[in-house]
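Quick notes on the structure that follows.
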Amino acid sequence: VAVVKFENVSKDYGNGKKALKNLNLEINEGEFVTLIGPSGCGKTTALKLINGLIKSSDGNIYINNKEISKWNQIYLRRQIGYVIQQVGLFPHLNISENISYVLKIKGVEKVQRKQRARELIELVGLTKNDLKKYPRELSGGQQQRVGVARALAADPPIILMDEPFGAIDEITRKKLQDELIDIHKKVNKTIIFVTHDIHEAMKLGNKIVLLKEGELIISGSREDIFFNQ
Ligand code: ADP
Ligand code: ADP
């Protein structure tokens, strides 16, 4: 089942140069897709189109078979968790509150919110002791784990990640990558992960999509990309 579908999608920010050109792409339920390509090739644009932060200039985008402009923004947001490089935790909220913030907005009771934060903290490789801490007490890598937990809190079927580990040292990054592979196995989510690091893309993705200057150059599994094309 295609969870996300791009049909002849172009994006022109109005500066004459197309950020995406005639993109056709289907992403199926449960896939871990890595979007790879040099800076400026349109990766972030693709993610922003999926979560409705920007609109396409041409073509159609479908989320769960529904054309994106037909989605109510609030319901669309609930389908999608978003993790970016600058994870942006609320400094005045503790880790538990940060993770479950979205649930508070949705009107979920405090007891359940705390319960959900407890479940998620261990999933991302932190401990229950960390729940009472404030963001400034955590390292960059730990904060990024909290960012992942926060994106999972409301159980959205789609998770978008935009260079989430880009600012993290290499050893920690490797751990976070392994953790994410594990999380993907445990919770059946569709993950779309943007990176300009080819090793990261190859390691994480069970489908790899290579963009260049707004165009899809190649997409497929590791085997497809190396042996069949
Ligand atoms: P990537 O994520 O692969 O680095 P982006 O999607 O951010 O690429 O950008 C693709 C192209 O669109 C680049 O040429 C970039 O300069 C341009 N672009 C991105 N955002 C904007 C914007 N808000 N206004 C104008 N041009 C933009
Ligand atoms: P809203 O109530 O407008 O849906 P929230 O209050 O849930 O947004 O989110 C707080 C902030 O996080 C907002 O600034 C919003 O831009 C951002 N955000 C939340 N969900 C998403 C998402 N799926 N994609 C992009 N940004 C998001």
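Can you list residue pairs whose Cβ atoms sit under 9 Å apart, with the first residue in region 38-56 being among the β-branched types (Val, Ile, Thr) and the second being assigned to a loop (DSSP other than H, G, I, E, B) and within 11 Å of ligand 2 (Cβ to nearest atom)? Count only pairs 6 or more apart in sequence or on different chains.
45/54
Would you confirm, using the coordinates I've provided, whether residue 59 is within 16 Å of ligand 2 (Cβ to nearest atom) and outside any helix (DSSP H, G or I)?
Values: within 16 Å of ligand 2 (Cβ to nearest atom): no; outside any helix (DSSP H, G or I): yes.
No; evaluated as a whole, the condition is false for this residue.
Do we have residue 166 as surrounded by fewer than 17 Cβ atoms within 10 Å (Cβ to Cβ), of a type in the set (Gly, Ala, Ser), touching a residue at least 40 places away in the same chain (Cβ under 8 Å) and not in a helix (DSSP H, G or I) here? Before the answer, list the steps.
Values: surrounded by fewer than 17 Cβ atoms within 10 Å (Cβ to Cβ): yes; of a type in the set (Gly, Ala, Ser): yes; touching a residue at least 40 places away in the same chain (Cβ under 8 Å): yes; not in a helix (DSSP H, G or I): yes.
Answer is yes for this residue.
Can you give me the number of residues within region 78-92 that are buried (at least 18 other Cβ atoms within 10 Å of the Cβ), under 30 Å from residue 137 (Cα atoms) and more than 16 Å from ligand 1 (Cβ to nearest atom)?
4
Scan (1) surrounded by 13 or more Cβ atoms within 10 Å (Cβ to Cβ); (2) within 28 Å of residue 133 (Cβ to Cβ) for the single condition residue 64 breaks and write down its number.
(2)
Taken together, the values in this text are just the output of simple stated rules run on the coordinates, not laboratory data. In this text, all values refer to a predicted model and were calculated from it rather than measured experimentally. Neighbour counts run over all protein chains shown; Cβ positions are idealised from the backbone, glycine included.
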